[in-house]
1. So how much accessible area does Met189 have, in Å² to the nearest 10, using a 1.4 Å probe?
2. Ratio of segment 185-253's C-alpha Rg to 2.2 N^0.38 Å, to two decimals?
3. I'd like to check one number: the per residue accessible area of the chain, probe 1.4 Å, reported in Å² as a whole number.
4. Looking at segment 286-354, what % of the alpha carbon pairs are farther apart than 14 Å?
5. Rounded, prolate or oblate for segment 1-144? Axes are the square roots of the Cα gyration tensor eigenvalues, ordered a ≥ b ≥ c, and the cut-off for rounded is a/c under 1.5.
6. With a 1.4 Å probe and every protein chain kept in, tell me what percent of the accessible surface of the chain is carbon plus sulfur.
7. Leaving out same-chain residues fewer than 8 places away, which aspartates and glutamates sit with a Cα under 17 Å from that of Lys73?
8. Leaving ligands, DNA and RNA out of it, work out the accessible area of Glu120 with a 1.4 Å probe and give it in Å² to the nearest 10.
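The values are calculated or read from the model by the stated rules, or taken from the named source; none is laboratory data. From a predicted model like this one, the values you see are computed outputs, not experimental measurements. Just the protein is used for accessible areas: all its heavy atoms, side chains included, with ligands, DNA and RNA removed. Shrake-Rupley method; radii C 1.70, N 1.55, O 1.52, S 1.80 Å.
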Amino acid sequence: MTPKFDKVHLKFKLNGSSFDYDDLKEVAYSLVKEGEVYEQVIGNFLLDWLDDRDYVLTKTSGSTGLPKSIRIKKQEMVNSSVMTGDFFGLEPGQKTLHCLPGQYIAGKMMLVRAMILGLELDLAPPTTIPSYDHYKAYDFCAMIPLQLKNSLNRLDHIKTLIVGGASVSSTLQASLQDVNATIFETYGMTETVSHIAVRQLNHIDNKTSHFEILRDISIAKDDRGCLVVDAPQLSKNPVITNDVIDLVSKSEFDIIGRYDNMINSGGVKLFPELIEAKLQSKITQRFFIASEKDAALGEKVILIIESKTNDLEHSVFDSLDKFEVPKIIYNIPKFVETANGKIQRQKTYEEIKA
């Protein structure tokens, strides 16, 4: 039988104040009744965390399909918190910043880590330009890539920052090299209770970094070349993903692209993510690669840009192989996004064709 855990560490603080179990319940009720929208979400989660059930309900992001609610065991969230704490050396009393949406697993886990590990947590609105005291020292923080991009000149007093929710572009990674904070890209999903692997993005002396799994996790590839995650402390069954990977070692991997995004053009298998990586430094607007049916090729590569006009010169495609060059370029003023800012590729394309 799994031992019962303490739901609130004695050294846990929220916005500078200490709370025991009963006090935190009162704070949660207050947030739900009187708080701003993002605080109401946090209050509701705290009430869920403090109740007698052994699970919480949370939503998947909806980036690759319709969002759905799933049950996650509280003990699994505790296990994930301890694994993250071990990897980053988090200790009771350290200060953390929470600026993520509380309705998704990443935001929930920032709260759980603080309560389980005894961290001092400050809440900030989950806006694209996080509002926080950038002169205050923080040991740990989590952001999405857009928040990180908008905070590059405000990271001097953050020790460790994790970034997830979407891939980090090579352009953004290049801009991190002179940032004081040590920054890690995370890999994970709701089904794995937040991240199961991290990749260091800066302060690595120009070395190639790979995603490194946390302890008590093993990885493999299935017959499609997709990642399979075996993490008994986080999920009863192995999690089979749609991420095609290069298995570097027993504990390291690189992501090639999504299996469900793969394009077969004239018999050549292409991954949009690899083409996008070649174009990131040459296209300033947001964009992504997709495909359309083609009588001759089966599928043809297309480029979709978040812009009202197309002023690209053909030379931006000089680094691409023959089959990678987009056959059509579409412009759309605004991409369709999930609630937490992920681009919904299929819905964006459907809006263009509507």
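1. For Met189, the solvent-accessible surface is approximately 40 Å².
2. On the way: Rg = 12.1 Å, N = 69, 2.2 N^0.38 = 11.0 Å.
Compactness ratio reported: 1.10.
3. On the way: 17570 Å² over 354 residues.
Here the residues of the chain average 50 Å² of exposed surface.
4. On the way: 1440 of 2346 pairs.
Cα-Cα pairs of segment 286-354 separated by over 14 Å account for 61 percent.
5. On the way: a/c = 1.20, a/b = 1.04, b/c = 1.15.
Note, shape of segment 1-144 comes out rounded.
6. Working: 8740 of 17570 Å².
Roughly 50 percent, rounded to a whole number.
7. List returned: Asp6, Asp48, Asp51, Asp52, Asp54, Glu191, Asp230.
8. 40 Å²
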